[in-house]
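Below is one structure; the comments refer to it alone.
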(Lines give C-alpha, C1' and ligand atoms only; values in the text may rest on other atoms or scores of the structure.)
Protein backbone atom coordinates (compact mmCIF):
# COMPACT_ATOMS: atom_id res chain seq x y z
CA UNK A 1 0.00 0.00 0.00
CA UNK A 2 1.30 3.47 -0.88
CA UNK A 3 1.04 6.31 1.63
CA UNK A 4 1.64 9.84 0.33
CA UNK A 5 2.36 12.87 2.49
CA UNK A 6 2.52 16.27 0.80
CA UNK A 7 3.86 19.35 2.51
CA UNK A 8 3.69 22.80 0.87
CA UNK A 9 5.33 25.63 2.70
CA UNK A 10 5.41 29.31 1.72
CA UNK A 11 8.37 31.10 3.33
CA UNK A 12 7.80 34.73 4.32
CA UNK A 13 10.28 37.59 3.76
CA UNK A 14 12.81 38.11 6.53
CA UNK A 15 13.54 41.46 8.15
CA UNK A 16 16.01 42.33 5.40
CA UNK A 17 13.32 41.95 2.75
CA UNK A 18 15.22 39.01 1.21
CA UNK A 19 12.58 36.74 -0.22
CA UNK A 20 12.87 33.01 0.30
CA UNK A 21 11.00 31.39 -2.59
CA UNK A 22 8.26 28.85 -1.91
CA UNK A 23 9.56 25.35 -1.40
CA UNK A 24 7.79 22.04 -1.80
CA UNK A 25 8.65 18.91 0.11
CA UNK A 26 7.06 15.55 -0.27
CA UNK A 27 7.59 12.13 1.23
CA UNK A 28 6.49 8.94 -0.41
CA UNK A 29 6.62 5.93 1.82
CA UNK A 30 5.82 2.31 1.19
CA UNK A 31 7.16 -0.97 2.46
CA UNK A 32 9.67 -1.35 -0.36
CA UNK A 33 11.36 2.07 -0.55
CA UNK A 34 12.78 4.63 1.88
CA UNK A 35 11.28 8.03 2.45
CA UNK A 36 12.10 10.61 -0.25
CA UNK A 37 12.19 14.37 0.18
CA UNK A 38 12.75 16.84 -2.64
CA UNK A 39 13.08 20.53 -2.01
CA UNK A 40 13.17 23.32 -4.60
CA UNK A 41 14.61 26.57 -3.28
CA UNK A 42 13.63 28.67 -6.26
CA UNK A 43 10.74 28.81 -8.72
CA UNK A 44 12.32 26.34 -11.11
CA UNK A 45 13.20 24.04 -8.22
CA UNK A 46 9.58 24.10 -7.10
CA UNK A 47 8.36 23.13 -10.56
CA UNK A 48 10.99 20.38 -10.88
CA UNK A 49 10.03 19.02 -7.47
CA UNK A 50 6.39 18.95 -8.51
CA UNK A 51 7.17 17.06 -11.71
CA UNK A 52 9.16 14.55 -9.66
CA UNK A 53 6.15 14.11 -7.41
CA UNK A 54 4.00 13.54 -10.46
CA UNK A 55 6.36 10.96 -11.94
CA UNK A 56 6.59 9.05 -8.66
CA UNK A 57 2.84 9.07 -8.31
CA UNK A 58 2.45 7.65 -11.79
CA UNK A 59 5.01 4.95 -10.97
CA UNK A 60 3.58 3.98 -7.61
CA UNK A 61 -0.14 4.19 -8.26
CA UNK A 62 -0.71 1.62 -10.98
CA UNK A 63 -3.48 -0.48 -9.54
CA UNK A 64 -6.66 -0.74 -11.57
CA UNK A 65 -8.99 2.09 -10.78
CA UNK A 66 -6.25 4.24 -9.24
CA UNK A 67 -4.70 5.70 -12.43
CA UNK A 68 -7.37 8.35 -13.00
CA UNK A 69 -7.13 9.41 -9.40
CA UNK A 70 -3.33 9.67 -9.64
CA UNK A 71 -3.59 11.85 -12.72
CA UNK A 72 -6.05 14.10 -10.93
CA UNK A 73 -3.67 14.47 -7.98
CA UNK A 74 -0.78 15.29 -10.33
CA UNK A 75 -2.82 17.98 -12.09
CA UNK A 76 -3.87 19.48 -8.77
CA UNK A 77 -0.25 19.55 -7.62
CA UNK A 78 0.90 21.35 -10.75
CA UNK A 79 -1.89 23.92 -10.54
CA UNK A 80 -1.11 24.53 -6.87
CA UNK A 81 2.57 25.17 -7.51
CA UNK A 82 2.01 27.34 -10.58
CA UNK A 83 -0.34 29.45 -8.49
CA UNK A 84 2.28 29.76 -5.73
CA UNK A 85 5.20 30.75 -7.95
CA UNK A 86 5.61 34.52 -8.08
CA UNK A 87 8.28 37.06 -8.85
CA UNK A 88 9.92 37.89 -5.49
CA UNK A 89 7.87 40.50 -3.66
CA UNK A 90 5.17 40.76 -6.35
CA UNK A 91 1.95 39.04 -5.36
CA UNK A 92 0.33 39.52 -8.76
CA UNK A 93 0.97 41.33 -12.01
CA UNK A 94 -0.31 44.89 -11.68
CA UNK A 95 -0.17 47.77 -14.11
CA UNK A 96 0.50 51.21 -12.67
CA UNK A 97 0.36 54.70 -14.15
CA UNK A 98 3.23 57.14 -13.57
CA UNK A 99 3.43 60.75 -14.74
CA UNK A 100 5.88 63.48 -15.71
CA UNK A 101 4.79 67.10 -15.44
CA UNK A 102 6.90 69.46 -17.58
CA UNK A 103 8.81 69.57 -20.87
CA UNK A 104 12.08 69.85 -18.99
CA UNK A 105 15.28 67.83 -18.94
CA UNK A 106 14.67 67.30 -15.22
CA UNK A 107 11.75 65.04 -16.10
CA UNK A 108 13.94 63.00 -18.44
CA UNK A 109 14.54 60.11 -16.00
CA UNK A 110 10.86 59.21 -16.50
CA UNK A 111 11.35 59.24 -20.29
CA UNK A 112 14.52 57.16 -20.17
CA UNK A 113 13.13 54.62 -17.69
CA UNK A 114 10.21 54.08 -20.03
CA UNK A 115 11.85 54.13 -23.47
CA UNK A 116 15.06 52.28 -22.54
CA UNK A 117 13.06 49.42 -21.03
CA UNK A 118 14.45 49.96 -17.53
CA UNK A 119 11.06 49.66 -15.84
CA UNK A 120 10.48 46.30 -17.49
CA UNK A 121 14.02 45.28 -16.56
CA UNK A 122 12.96 45.75 -12.94
CA UNK A 123 9.78 43.73 -13.47
CA UNK A 124 7.49 46.77 -13.44
CA UNK A 125 4.47 47.18 -15.71
CA UNK A 126 3.97 50.94 -15.83
CA UNK A 127 2.30 53.34 -18.24
CA UNK A 128 3.87 56.79 -18.58
CA UNK A 129 1.59 59.82 -19.08
CA UNK A 130 2.08 63.60 -19.25
CA UNK A 131 0.13 65.93 -16.94
CA UNK A 132 1.18 69.59 -17.01
CA UNK A 133 2.33 71.12 -13.68
CA UNK A 134 3.27 69.63 -10.32
CA UNK A 135 0.10 70.61 -8.40
CA UNK A 136 -2.14 68.92 -10.98
CA UNK A 137 -0.12 65.72 -11.08
CA UNK A 138 0.09 65.71 -7.27
CA UNK A 139 -3.70 65.76 -7.00
CA UNK A 140 -3.89 62.79 -9.36
CA UNK A 141 -1.28 60.97 -7.28
CA UNK A 142 -3.16 61.71 -4.08
CA UNK A 143 -6.36 60.39 -5.65
CA UNK A 144 -4.59 57.14 -6.58
CA UNK A 145 -5.05 57.60 -10.33
CA UNK A 146 -1.25 57.81 -10.58
CA UNK A 147 1.14 55.94 -8.30
CA UNK A 148 4.40 57.87 -8.88
CA UNK A 149 4.95 61.34 -10.29
CA UNK A 150 7.41 64.22 -10.33
CA UNK A 151 6.42 66.89 -7.80
CA UNK A 152 8.29 69.54 -5.85
CA UNK A 153 8.67 70.01 -2.10
CA UNK A 154 6.18 72.89 -1.96
CA UNK A 155 3.42 70.79 -3.50
CA UNK A 156 4.13 67.87 -1.16
CA UNK A 157 4.10 70.12 1.91
CA UNK A 158 0.89 71.88 0.83
CA UNK A 159 -0.82 68.50 0.43
CA UNK A 160 0.55 67.21 3.74
CA UNK A 161 -0.55 70.25 5.73
CA UNK A 162 -4.07 69.65 4.42
CA UNK A 163 -4.17 66.01 5.51
CA UNK A 164 -2.79 64.28 2.42
CA UNK A 165 -0.12 61.59 2.60
CA UNK A 166 2.15 62.40 -0.33
CA UNK A 167 5.82 61.74 0.27
CA UNK A 168 9.06 62.00 -1.70
CA UNK A 169 10.81 58.61 -1.77
CA UNK A 170 13.66 60.13 -3.76
CA UNK A 171 14.84 63.43 -5.23
CA UNK A 172 15.76 64.07 -8.85
CA UNK A 173 17.26 67.43 -7.87
CA UNK A 174 17.64 69.26 -4.55
CA UNK A 175 18.11 72.82 -5.86
CA UNK A 176 15.91 75.27 -7.75
CA UNK A 177 17.19 74.31 -11.19
CA UNK A 178 15.67 77.19 -13.17
CA UNK A 179 17.04 80.07 -15.18
CA UNK A 180 15.04 83.30 -15.07
CA UNK A 181 14.65 84.38 -18.69
CA UNK A 182 13.61 87.98 -19.26
CA UNK A 183 12.83 90.50 -21.96
CA UNK A 184 15.94 92.35 -23.26
CA UNK A 185 15.04 95.58 -21.44
CA UNK A 186 15.04 93.84 -18.02
CA UNK A 187 18.65 94.22 -16.83
CA UNK A 188 18.31 93.45 -13.11
CA UNK A 189 15.84 91.66 -10.86
CA UNK A 190 14.68 94.99 -9.40
CA UNK A 191 13.65 96.08 -12.91
CA UNK A 192 10.74 93.64 -12.56
CA UNK A 193 8.90 95.95 -10.14
CA UNK A 194 5.46 96.58 -11.65
CA UNK A 195 6.10 94.11 -14.51
CA UNK A 196 4.09 90.92 -14.97
CA UNK A 197 5.98 87.64 -14.60
CA UNK A 198 4.77 84.21 -15.61
CA UNK A 199 4.82 80.82 -13.89
CA UNK A 200 3.44 77.47 -14.98
CA UNK A 201 0.97 77.11 -12.09
CA UNK A 202 0.60 78.74 -8.69
CA UNK A 203 2.25 76.38 -6.23
CA UNK A 204 4.50 74.83 -8.87
CA UNK A 205 8.30 74.93 -8.61
CA UNK A 206 8.37 77.86 -11.08
CA UNK A 207 6.14 79.81 -8.69
CA UNK A 208 8.27 78.95 -5.66
CA UNK A 209 11.56 79.77 -7.37
CA UNK A 210 10.33 83.12 -8.67
CA UNK A 211 8.98 84.14 -5.26
CA UNK A 212 12.23 83.18 -3.52
CA UNK A 213 14.30 85.21 -6.00
CA UNK A 214 12.12 88.31 -5.68
CA UNK A 215 12.21 88.05 -1.88
CA UNK A 216 16.01 87.93 -1.94
CA UNK A 217 16.04 91.26 -3.81
CA UNK A 218 13.47 92.95 -1.57
CA UNK A 219 10.43 92.50 -3.82
CA UNK A 220 7.15 90.95 -2.75
CA UNK A 221 5.31 88.67 -5.14
CA UNK A 222 1.86 89.92 -6.22
CA UNK A 223 2.28 93.23 -4.37
CA UNK A 224 5.39 94.49 -6.18
CA UNK A 225 5.45 92.07 -9.09
CA UNK A 226 2.17 90.69 -10.54
CA UNK A 227 2.10 86.94 -11.23
CA UNK A 228 0.07 85.06 -13.83
CA UNK A 229 -0.03 81.32 -14.43
CA UNK A 230 0.44 80.28 -18.05
CA UNK A 231 0.56 76.48 -18.31
CA UNK A 232 3.55 74.44 -19.43
CA UNK A 233 7.11 75.46 -20.31
CA UNK A 234 6.38 75.91 -24.05
CA UNK A 235 3.53 78.28 -23.13
CA UNK A 236 5.87 80.28 -20.87
CA UNK A 237 8.38 80.66 -23.70
CA UNK A 238 5.63 81.82 -26.07
CA UNK A 239 4.24 84.32 -23.53
CA UNK A 240 7.70 85.78 -22.99
CA UNK A 241 8.39 86.20 -26.70
CA UNK A 242 4.97 87.88 -27.14
CA UNK A 243 5.60 90.26 -24.20
CA UNK A 244 2.61 88.89 -22.30
CA UNK A 245 5.09 88.52 -19.45
CA UNK A 246 8.47 90.16 -18.89
CA UNK A 247 10.20 87.28 -17.13
CA UNK A 248 9.65 83.60 -16.40
CA UNK A 249 11.53 80.68 -14.83
CA UNK A 250 12.60 78.13 -17.44
CA UNK A 251 14.68 75.00 -17.79
CA UNK A 252 16.34 73.40 -20.77
CA UNK A 253 15.45 73.01 -23.57
CA UNK A 254 13.17 76.07 -23.35
CA UNK A 255 16.06 78.29 -22.21
CA UNK A 256 17.80 77.63 -25.51
CA UNK A 257 14.67 78.58 -27.47
CA UNK A 258 14.20 81.77 -25.45
CA UNK A 259 17.80 82.81 -26.07
CA UNK A 260 17.40 82.23 -29.79
CA UNK A 261 14.32 84.48 -29.67
CA UNK A 262 16.38 87.31 -28.16
CA UNK A 263 15.55 86.86 -24.47
CA UNK A 264 18.30 87.26 -21.88
CA UNK A 265 19.24 85.20 -18.83
CA UNK A 266 18.45 87.33 -15.79
CA UNK A 267 19.42 84.83 -13.08
CA UNK A 268 20.51 81.25 -12.50
CA UNK A 269 18.49 80.11 -9.49
CA UNK A 270 20.81 77.17 -8.88
CA UNK A 271 23.50 79.73 -7.96
CA UNK A 272 21.23 81.64 -5.59
CA UNK A 273 21.79 79.09 -2.80
CA UNK A 274 18.12 78.19 -2.38
CA UNK A 275 17.69 74.58 -1.09
CA UNK A 276 14.56 73.15 -2.68
CA UNK A 277 13.47 69.76 -3.96
CA UNK A 278 12.74 70.82 -7.50
CA UNK A 279 11.45 67.42 -8.59
CA UNK A 280 10.99 64.42 -6.34
CA UNK A 281 9.96 60.84 -6.97
CA UNK A 282 6.58 61.38 -5.38
CA UNK A 283 4.07 58.81 -4.22
CA UNK A 284 1.79 58.20 -1.25
CA UNK A 285 2.85 56.70 2.07
CA UNK A 286 0.12 54.14 1.62
CA UNK A 287 1.47 53.02 -1.76
CA UNK A 288 4.93 52.50 -0.27
CA UNK A 289 3.43 50.44 2.56
CA UNK A 290 1.39 48.28 0.20
CA UNK A 291 3.88 48.08 -2.69
CA UNK A 292 7.30 48.45 -1.11
CA UNK A 293 9.04 45.98 -3.49
CA UNK A 294 7.71 47.89 -6.52
CA UNK A 295 8.71 51.23 -4.99
CA UNK A 296 12.24 49.96 -4.44
CA UNK A 297 12.35 48.55 -7.98
CA UNK A 298 11.30 51.96 -9.32
CA UNK A 299 14.21 53.66 -7.56
CA UNK A 300 16.55 51.06 -9.05
CA UNK A 301 15.10 51.92 -12.47
CA UNK A 302 15.74 55.61 -11.75
CA UNK A 303 19.37 54.85 -10.88
CA UNK A 304 19.75 52.88 -14.10
CA UNK A 305 18.22 55.79 -16.07
CA UNK A 306 20.78 58.29 -14.75
CA UNK A 307 23.58 55.84 -15.56
CA UNK A 308 22.11 55.31 -19.05
CA UNK A 309 22.09 59.06 -19.66
CA UNK A 310 25.77 59.34 -18.74
CA UNK A 311 26.92 56.32 -20.75
CA UNK A 312 24.63 56.31 -23.81
CA UNK A 313 24.45 59.93 -24.85
CA UNK A 314 23.25 59.49 -28.43
CA UNK A 315 20.41 57.18 -27.42
CA UNK A 316 19.50 59.60 -24.64
CA UNK A 317 19.36 62.55 -27.04
CA UNK A 318 17.04 60.53 -29.30
CA UNK A 319 14.71 60.00 -26.32
CA UNK A 320 14.90 63.71 -25.46
CA UNK A 321 13.99 64.59 -29.06
CA UNK A 322 10.93 62.33 -28.91
CA UNK A 323 9.46 63.95 -25.80
CA UNK A 324 10.49 67.56 -26.42
CA UNK A 325 9.76 67.54 -30.19
CA UNK A 326 13.14 69.20 -30.68
CA UNK A 327 15.78 68.12 -33.19
CA UNK A 328 18.26 70.98 -32.84
CA UNK A 329 21.49 69.27 -31.74
CA UNK A 330 22.69 72.32 -29.82
CA UNK A 331 19.50 72.35 -27.81
CA UNK A 332 19.66 68.61 -27.14
CA UNK A 333 23.28 68.86 -26.02
CA UNK A 334 22.36 71.73 -23.70
CA UNK A 335 19.46 69.75 -22.25
CA UNK A 336 21.66 66.75 -21.57
CA UNK A 337 24.32 68.88 -19.87
CA UNK A 338 21.59 70.52 -17.79
CA UNK A 339 20.59 67.07 -16.58
CA UNK A 340 24.19 66.19 -15.74
CA UNK A 341 24.56 69.40 -13.72
CA UNK A 342 21.49 69.04 -11.54
CA UNK A 343 20.19 65.46 -11.32
CA UNK A 344 21.13 63.25 -8.38
CA UNK A 345 22.93 59.98 -9.09
CA UNK A 346 21.90 58.74 -5.64
CA UNK A 347 18.45 60.28 -5.12
CA UNK A 348 18.54 61.11 -1.42
CA UNK A 349 16.09 63.83 -0.38
CA UNK A 350 17.77 66.61 1.62
CA UNK A 351 15.93 67.66 4.77
CA UNK A 352 17.08 71.27 4.33
CA UNK A 353 15.15 71.47 1.05
CA UNK A 354 11.93 70.79 2.94
CA UNK A 355 12.88 73.07 5.85
CA UNK A 356 13.29 76.04 3.49
CA UNK A 357 9.95 75.14 1.91
CA UNK A 358 8.25 75.01 5.32
CA UNK A 359 9.76 78.38 6.28
CA UNK A 360 8.40 79.93 3.09
CA UNK A 361 4.91 78.43 3.50
CA UNK A 362 4.78 79.40 7.21
CA UNK A 363 4.45 83.05 6.18
CA UNK A 364 0.89 82.37 5.07
CA UNK A 365 0.05 79.02 6.70
CA UNK A 366 0.62 78.69 10.49
CA UNK A 367 0.45 74.88 10.27
CA UNK A 368 3.87 74.88 8.61
CA UNK A 369 5.49 76.24 11.79
CA UNK A 370 4.70 73.01 13.67
CA UNK A 371 5.63 70.62 10.87
CA UNK A 372 8.95 68.77 10.54
CA UNK A 373 10.76 68.12 7.23
CA UNK A 374 10.86 64.37 7.92
CA UNK A 375 7.06 64.21 7.66
CA UNK A 376 7.28 64.74 3.91
CA UNK A 377 10.01 62.41 2.67
CA UNK A 378 11.18 58.82 3.12
CA UNK A 379 14.81 58.01 2.33
CA UNK A 380 14.60 54.42 3.58
CA UNK A 381 14.37 52.82 0.13
CA UNK A 382 17.35 54.74 -1.23
CA UNK A 383 19.30 53.91 1.94
CA UNK A 384 18.55 50.20 1.51
CA UNK A 385 19.92 50.30 -2.03
CA UNK A 386 23.04 52.14 -0.84
CA UNK A 387 23.56 49.55 1.91
CA UNK A 388 23.18 46.76 -0.65
CA UNK A 389 25.82 48.37 -2.86
CA UNK A 390 23.45 48.90 -5.79
CA UNK A 391 24.75 52.31 -6.88
CA UNK A 392 28.41 51.36 -6.41
CA UNK A 393 27.95 48.25 -8.55
CA UNK A 394 26.05 50.25 -11.16
CA UNK A 395 28.74 52.90 -11.58
CA UNK A 396 31.73 50.70 -10.81
CA UNK A 397 32.62 53.06 -7.96
CA UNK A 398 30.89 55.22 -5.39
CA UNK A 399 29.06 57.89 -7.44
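Observations on the model:
- Flag if residue 142 is touching a residue at least 60 places away in the same chain (Cβ under 8 Å), under 20 Å from residue 305 (Cβ atoms), assigned to a helix (DSSP H, G or I) and touching a helix residue (DSSP H, G or I) at 6+ places or on another chain (Cβ under 7 Å): no
- Residue in region 92-106 that is without any contact (Cβ under 8 Å) to a residue 24 or more places away in the chain, out of contact with any helix residue (DSSP H, G or I) (no Cβ under 6 Å at 6 or more places or on another chain) and either more than 24 Å from residue 350 (Cβ to Cβ) or surrounded by fewer than 17 Cβ atoms within 10 Å (Cβ to Cβ) (or both) present: yes
- Unique residue being part of a helix (DSSP H, G or I), farther than 15 Å from residue 178 by Cα and either modelled with pLDDT of 95 or more or in contact with a strand residue (DSSP E or B) (Cβ under 7 Å, 6 or more places away or on another chain) (or both) when the list is 345, 317: 317
- Selected residue (only one of 96, 110 is more than 27 Å from residue 356 (Cα to Cα), at pLDDT 95 or above and in contact with a strand residue (DSSP E or B) (Cβ under 9 Å, 6 or more places away or on another chain)): 96
- Number of positions in region 262-294 that are surrounded by fewer than 22 Cβ atoms within 10 Å (Cβ to Cβ), in a helix (DSSP H, G or I) and at pLDDT 95 or above: 8
- Some residue of region 324-335 being part of a helix (DSSP H, G or I), farther than 23 Å from residue 135 by Cβ and out of contact with any helix residue (DSSP H, G or I) (no Cβ under 9 Å at 6 or more places or on another chain): no
- Taken together, the residues in region 145-193 that are in a helix (DSSP H, G or I) and touching a helix residue (DSSP H, G or I) at 6+ places or on another chain (Cβ under 8 Å) amount to 11.
The values are calculated or read from the model by the stated rules, or taken from the named source; none is laboratory data. Please read all numbers here as calculations on a predicted model, not as lab measurements. Note: ideal-geometry Cβ built from the backbone for every residue, glycine included; neighbour counts use all protein chains shown.
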